[in-house]
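Chemist: Here it is, the structure, as structure tokens.
The values are calculated or read from the model by the stated rules, or taken from the named source; none is laboratory data. Remember, it's a predicted structure, so these values are computed and weren't measured experimentally. Positions of Cβ are backbone-derived with ideal geometry, glycine not excepted, and every protein chain shown enters the neighbour counts. Heads up: the accessible areas ignore ligands, DNA and RNA and are worked out on the full protein's heavy atoms, side chains in. Shrake-Rupley method; radii C 1.70, N 1.55, O 1.52, S 1.80 Å.
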Amino acid sequence: MRLTLTELGGDPEAPLMVLGPSLGTSARSLWTGVAGDLSDDFRVVGWDLPGHGDSEPAQDFDVAGLAAAVVAAVDELAPGQAFHYAGDSLGGATGLQLLLDHPDRVRTATLISTGAKIGTSESWAERAELVRREGTGALVEATPARWFAAGFTERAPAIAEDLLAALTAADGPSYSAACEALAAFDVRDRLAEIAVPVLAVAGAEDVPTPPASLRHIADGVQHGELAVLDAAAHLPPAEQPDQIAALIREHAETAEPATRTGRQVRAAGMKVRREVLGDEHVDRASAAATDLTAEFQDLITTYAWGEIWTRPGLDRRSRSMITLTALIARGHHDELAMHVRAARRNGLSVAEIGEVILQSAIYCGVPDANTAFKIAQQALADDDA
């Protein structure tokens, strides 16, 4: 079995992003909108299922075979290169198999509208038999209700028609073989083996793979997160391409910061700095910058906030507690007042801030804690005011 990769945009020297299809779709019909947004930061390619889009027909394969064929196709394009991956439905199931069989090749994975087990073996066998008898055209009438959220075909008729045309054009025996591959696919008891960072994305209106299916993946892997999109069903890359592109990019950049450009790091740092310290403080600091201090402000934004505060290893509450302790220990009182207020924004209660200072009394010294309590009390009063 040989799969065909389709170039969807981006610089050939950029990090590689591989996009996987849902059953009955092609890379172009499903992913074009998302690829347009991602091509500023990634080299974007999509793969087509056997007998779909540009891939040759095949009538005997399983999901493990699809995963191996994806790696082989990537090796023809970029031998040995690790890649970011995103896949919808069967493309997402193939992503899970990639993470199990070829974990060294996948940098991050965004798995959309999929499951560690999708549907029942009986339902897939019935669909496979229907398509063998009547072709994929027999599915067209019932498919929009399964693929799209309410009102989508009216809002975006051209996109819906393009996707349904891809379904009609799919090779019937290959489609049936894909149904049988899904009937046999079940990795529910292997999710804990997956160590690559995973973002599971669900459509709130998805019936075949509801949010609970994606939550099972996010909870089961070692490093998983869940996002649920309102007004989306089984094909979010077509229904909400902007949101999907943003989720994929953010996941790739957060889970693996080295993939980000300097501009992206600084932009991420400014976003977090504003969220933690508040717009008023950041605007005041930026306005006060001079020829002497401007580069220092840029250094803080890029490295402190863009490189450290965006890392996934600790949540912001934990980072606030560590920062408060360090500032108390070093006697940085102006910074301490600022970060007491930041700690409140990051979710620490007044009582928890007090506990941090009490802990510091033991390990830093009672006089340091005494000063810290005075500063914190004033900062919290100012914040309340």
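Chemist: Hey, can you grab everything whose amide H is under 5 Å from the amide H of residue 24? Only 5+ residues off in sequence or another chain; H modelled, so Pro and N-termini drop out.
Modeler: none
Chemist: Follow-up question, since we're still on this one. Spelling out what I want: for every residue of region 133-140, take phi, set θ = phi - 60°, compute 6.51 cos²θ - 1.76 cosθ + 1.60 (Karplus), and round to whole Hz; glycine and proline get x.
Modeler: Listing the rounded values in order: 7, 10, x, 5, x, 5, 9, 4 Hz.
Chemist: On average, how much accessible surface per residue is there in the chain, in Å², for a 1.4 Å probe, leaving out ligands, DNA and RNA?
Modeler: Accessible area per residue: 45 Å².
Chemist: Over all Cα pairs of region 1-143, how is the pair count split among 10 Å bins, expressed in % and running from 0 up to the last occupied bin?
Modeler: 12, 43, 33, 11, 1
Chemist: Sticking with the crude label model, points 7 Å out along Cα→Cβ, report the distance from residue 352 to residue 370 in nm, one decimal please.
Modeler: 2.9 nm
Chemist: Another question, then. Which values of log₁₀ I(q)/I(0), to two decimal places, follow from the Debye formula for region 220-336 at q = 0.18, 0.19, 0.22 Å⁻¹ with a uniform point scatterer at every Cα?
Modeler: -1.08, -1.15, -1.33
Chemist: Using alpha-carbon pairs under 8 Å, 6+ residues apart, how would you state the relative contact order of the chain in percent? Each step should come with its number before you reach the end.
Modeler: On the way: 716 pairs, mean separation 55.4, N = 385.
The normalised contact order for the chain reaches 14 percent.
Chemist: If you work out Rg/Rh (Cα atoms, Kirkwood Rh) from the coordinates, which of (1) 1.08; (2) 0.95; (3) 0.98 do you get?
Modeler: The value computed from this structure is option (1).
Chemist: Work out from phi, with θ = phi - 60° and the Karplus expression 6.51 cos²θ - 1.76 cosθ + 1.60, the ³J(HN,Hα) of each residue of region 268-283, listed in order in whole Hz, and give x for Gly and Pro.
Modeler: In residue order, the calculated couplings are 5, x, 5, 4, 5, 4, 5, 5, 7, 9, x, 4, 4, 5, 5, 4 Hz.
Chemist: Working from Cα positions, state the angle (0 to 90°, nearest 10) between the long axis of helix 90-101 and the longest principal axis of the chain.
Modeler: The angle comes out near 70 degrees.
Chemist: Using a ≥ b ≥ c from the Cα gyration tensor of region 168-254 (square roots of the eigenvalues), is it rounded, prolate or oblate, where a/c under 1.5 gives rounded and otherwise the larger of a/b and b/c decides, a/b for prolate?
Modeler: Numbers: a/c = 1.85, a/b = 1.20, b/c = 1.54.
Since a/c reaches 1.5 but b/c is at least a/b, the shape of region 168-254 is classed as oblate.
Chemist: Measure off, as a whole percent, the carbon and sulfur share of the 1.4 Å-probe accessible area of region 1-98, all protein chains present. Spell out each step's value before the answer.
Modeler: Details: 1280 of 2990 Å².
Carbon and sulfur atoms account for 43 percent of the accessible area of region 1-98.
Chemist: Largest first, how would 85, 363 line up by accessible area (1.4 Å probe)?
Modeler: 363, 85
Chemist: Measure off 7 Å from each Cα along the Cα-to-Cβ vector at residue 275 and residue 72, then give the distance between these two points in nanometres to one decimal.
Modeler: According to this spin-label approximation, the distance is 4.2 nm.
Chemist: Shifting gears a bit: Calculate the tail of P(r) for region 88-230: the fraction of all Cα-Cα distances greater than 26 Å, expressed in %.
Modeler: Numbers: 2959 of 10153 pairs.
Within region 88-230, distances greater than 26 Å cover 29 percent of Cα pairs.
Chemist: Tell me, what HN-Hα J-couplings in whole Hz come from the Karplus equation 6.51 cos²θ - 1.76 cosθ + 1.60 at θ = phi - 60° for each residue of region 170-180, using x for Gly and Pro?
Modeler: 5, 5, x, x, 5, 4, 4, 5, 5, 4, 5
Chemist: Same structure again: So how exposed is residue 251, as accessible area in Å² (1.4 Å probe, rounded to 10)?
Modeler: 20 Å²
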